[in-house]
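Below you'll find the structure, written out as structure tokens, and then a few comments.
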Amino acid sequence: DLAVTVITAFLWLVSTFAWAKALADIKMSTGASVILGIEACKAPGTTCRFASVTSMRTLNVSVVFGLLNMVLWGGNVWFVYKDTNLHN
């Protein structure tokens, strides 16, 4: 039981960090800096502007909840450890 809880907490931590990194990459690849890489915007007499940004608020919240869930699993590790013979 302890090993499964430790593995689950660790995997939750790793997956949360992977999702946070993917979200950072999504924000970077859909931000205003992408205009500089578009060849059509480099043509003389052409004006390109960044009109709008989609809200990433719910995605940011998902990362925060992932971290909070990992903290809960970490707390569960302590309580499961206390129920084993390893704890005096």
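The values are calculated or read from the model by the stated rules, or taken from the named source; none is laboratory data. In this text the structure is predicted, and so the values were computed from the model without any measurement. When we count neighbours, we look across all protein chains shown, and the Cβ atoms used for this are built from the backbone with ideal geometry, even at glycine. Surface areas here come from the heavy atoms of the whole protein model, side chains and all, with no ligands, DNA or RNA. Shrake-Rupley method; radii C 1.70, N 1.55, O 1.52, S 1.80 Å.
For region 15-51, give me each residue that is under 30 Å from LEU68 (Cα atoms) and outside any helix (DSSP H, G or I).
THR30, GLY31
Go through region 45-74 and count every residue that is open to solvent by 100 Å² or more (accessible area, probe 1.4 Å) and modelled with pLDDT of 90 or more.
Residues flagged as open to solvent by 100 Å² or more (accessible area, probe 1.4 Å) and modelled with pLDDT of 90 or more within region 45-74 amount to 4.
For region 1-33, which residues satisfy the criterion of being open to solvent by less than 90 Å² (accessible area, probe 1.4 Å), aliphatic (A, V, I, L, M) and either in contact with a helix residue (DSSP H, G or I) (Cβ under 7 Å, 6 or more places away or on another chain) or without any contact (Cβ under 8 Å) to a residue 12 or more places away in the chain (or both)?
LEU2, ALA3, VAL6, ALA9, LEU13, VAL14, ALA18, ALA20, ALA22, LEU23, ALA24
Mind listing whichever residues of region 75-88 are part of a helix (DSSP H, G or I), in contact (Cβ under 8 Å) with a residue 12 or more places away in the chain and open to solvent by 100 Å² or more (accessible area, probe 1.4 Å)?
None - no residue of region 75-88 is part of a helix (DSSP H, G or I), in contact (Cβ under 8 Å) with a residue 12 or more places away in the chain and open to solvent by 100 Å² or more (accessible area, probe 1.4 Å), so the list stays empty.
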